[in-house]
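Beneath this line is the structure, given in C-alpha cells, with notes to follow.
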Amino acid sequence: MELGTVGEFGLIDHIKAQFSAPEGITGIGDDCAVLPQNDGLDTIVSTDMLVEGIHFLTDKSPATDIGWKAAAVNLSDIAAMGGRPSGSFLSLALPKSLSLEWVHEFIGGFRQLSDIFNCPLLGGDTTSSTDGICINVTVLGTVPSGTARTRSAAIPGDLICVTGSLGDSSIGLKMLLGSDTESADYGYFVNKHTRPMPRVREGMELAQHPGIHAMMDISDGLGSDIRHILKASGVGAVVDVRTLPLSDQLIRYCRTKGIDPCEPALCGGEDYELLFTVSEDYEALIGIAHSVIGKITKPEEGLVWKGSDKDFLGFRHF
Ligand code: ADP
Ligand code: MG
C-alpha cells in the first residue's frame, strides 16, 4: 500500500505497533518521550527533521532563519511538555556543493535561538547528501518528576486554551512562496513563519499549575492537532471559531482578500503556540496570556466547530 493512502498518522501507528513502551515510560505518540530518572526529574526527548523542498527553500530563506527554525521547532516540543531544555544534537546531510558560508550562517541562527533558552549543542552527525539538505535535531529537557504535560490528560469540562495568535505563519509562507508580496504586513507575516518563538517559558510556567491538564504545541494547525488531544485523552470538544485568537494583521489581510480567517487559523500550521486544557475553576489563576476557545466534552460528542458549518483539517505530510 502506498504511503499516500496510509497517511502520516497511519504510518506512525504502523511503526508504533511493533514496539511497546516500557513500564513508566511515555513513548511514541506525544510531543516528547518521557523517561523517569532517580533524581526527582524526568528526562524528556524529542526529535524533528527539516527537509529542503518540504520544510524550507534555500532560495527563499536565509540560512540563519533555517537554523533558527530548526532549533525552534524542536524546542517547541519541549515547551509542549512544560519542560526546561538541557541540550541538543544536530545531524546534517549536506550536498558537497554547499558552501561553508551557508553552514556558518545556519549554525549562527541555530545558536541564536539555542542561546535564548540556554540549550547548548552537545553533539550530532554529519554526512554528505546526493539530493538536498536534510537537518535532524534531537533536543533533551527535564521536568520535575511526574509533571510532564501529555496529550492524554484532558477531562470533560476542561476549558480549551491557546497562547498567542493563530494563522500568521501560514500567510507568511504564502507570501514567501511568491504571492502577495506587496502587503504592508509582509515583514510581520514572513517573520512569524521563518522565526517562530517557541513558548518554552510559558510551557514551564503552565506546568507548575496542577489545574493545567493536557498540553501540546500546534505544529500542523489547530484543526489537526486538537484531534491528537481528543484521541489520546478519549474525549470530545466543542471549539467556538469566533473566539480564535487572530492578530490585527491577519484580520486585515483576510478582510482584504475575502478569506475566512478560520482557514489559516485552523488549517495553516507552524504556529508553534501551546494548546492546553484547564479545569474550569482554575482558569482565572493562570498568569500566562491565553485565549479560551472551547470546552472538552464527552467522547461521544466528537469534535464540533461552533460558529461555522465547515470542518477543518490541518497539514499532513502524506
Ligand atoms: P510533533 O509534531 O510534535 O513533532 P509528530 O506528529 O511528528 O509530533 O509525531 C507524533 C509522534 O510520533 C511523536 O511521539 C513522535 O516521536 C512519533 N514518531 C513520528 N515519527 C516516528 C518514527 N518514524 N518512529 C517512531 N516514532 C515516530
Ligand atoms: Mg509537537
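Throughout, read-outs are computed from the coordinates displayed, never taken from laboratory work. All values derive from a computational prediction rather than experimental measurement. We place every Cβ from the backbone using ideal geometry, glycine too, and count neighbours over all the protein chains shown.
Miscellaneous remarks
- Gyration tensor verdict on segment 106-243 (Cα atoms; rounded if a/c is under 1.5, prolate if a/b is larger than b/c, oblate otherwise): oblate
- Residue with peak Gaussian network fluctuation, the chain [Cα springs, cutoff 10 Å], from ILE66, ILE212, ILE259: ILE259
- Local net charge near PHE117, Cβ-Cβ under 9 Å (Lys/Arg +1, Asp/Glu -1): +1
- Dipole in debye (nearest 20) - segment 126-244, about Cα centre, beta carbon charges: Lys, Arg +1; Asp, Glu -1: 320 debye
- Considering only PRO245, THR147, MET216, the residue lying farthest towards the positive end of the dipole of the chain is PRO245, judged by Cα position with unit charges set on Cβ.
- Between VAL235, VAL51, VAL162, the GNM of the chain built on Cα springs shorter than 10 angstrom shows VAL51 fluctuating the most.
- Whole-number D in µm²/s for segment 246-318 (Stokes-Einstein; Kirkwood sum over Cα pairs; 10 °C, 1.306 mPa s): 106 µm²/s
- Segment 23-115: C-alpha gyration tensor shape, a/c 1.5 cut-off, then a/b vs b/c: prolate
- Enclosed volume per residue, in Å³, of the convex hull spanned by Cα atoms of the chain: 153 Å³
- Considering only THR47, SER61, TYR186, the residue lying farthest towards the positive end of the dipole of the chain is TYR186, judged by Cα position with unit charges set on Cβ.
- Sequentially through segment 283-294, phi angles give Karplus couplings (6.51, -1.76, 1.60; θ = phi - 60°) of 4, 5, 7, 6, x, 9, 4, 7, 10, 8, 10, x Hz, Gly and Pro residues having no value and appearing as x.
- Local net charge near ALA148, Cβ-Cβ under 12 Å (Lys/Arg +1, Asp/Glu -1): -1
- Taking a straight line from the alpha carbon of LYS306, these aspartates and glutamates sit under 13 Å away, with near neighbours fewer than eight places off in the same chain left out: ASP240.
- For the options SER279, SER76, SER247, a Gaussian network treatment of the chain with springs between C-alpha atoms closer than 10 Å singles out SER247 as fluctuating the most.
- Summed residue charge, Cβ within 15 Å of ILE107's Cβ, Lys/Arg positive, Asp/Glu negative: -3
- A simple rule links phi to the HN-Hα coupling: the Karplus curve 6.51 cos²θ - 1.76 cosθ + 1.60 with θ = phi - 60°, which for segment 299-304 gives x, 5, 6, x, 10, 10 Hz, with x for Gly and Pro.
- MRE, 222 nm, helices only [DSSP H, n ≥ 4, -39500 (n - 2.57), over the chain, to nearest 500]: -9500 deg cm²/dmol
- Within segment 1-147: Cβ-based charge dipole about Cα centre, in debye rounded to nearest 20 (Lys, Arg +1; Asp, Glu -1): 220 debye
- Each Lys and Arg contributes +1 and each Asp and Glu -1, all at the Cβ; summed about the Cα centre of the chain, the dipole is approximately 160 debye.
- Overall form of segment 43-190 per C-alpha gyration tensor (a/c, 1.5; a/b vs b/c): oblate
- Close amide-amide hydrogen proximity is noted between LEU121 and SER88, each under 5 Å apart and 5 or more residues distant or on a separate chain (H modeled in the peptide plane; Pro and chain starts excluded).
- Vicinal HN-Hα couplings computed from phi for segment 19-31 (Karplus, 6.51 cos²θ - 1.76 cosθ + 1.60; Hz; Gly/Pro x): 9, 10, 5, x, 3, x, 10, 8, x, 4, x, 10, 5
- The C-alpha atoms of segment 1-66 occupy a region whose extents along the principal axes are 47, 38, 12 Å, arranged from largest to smallest.
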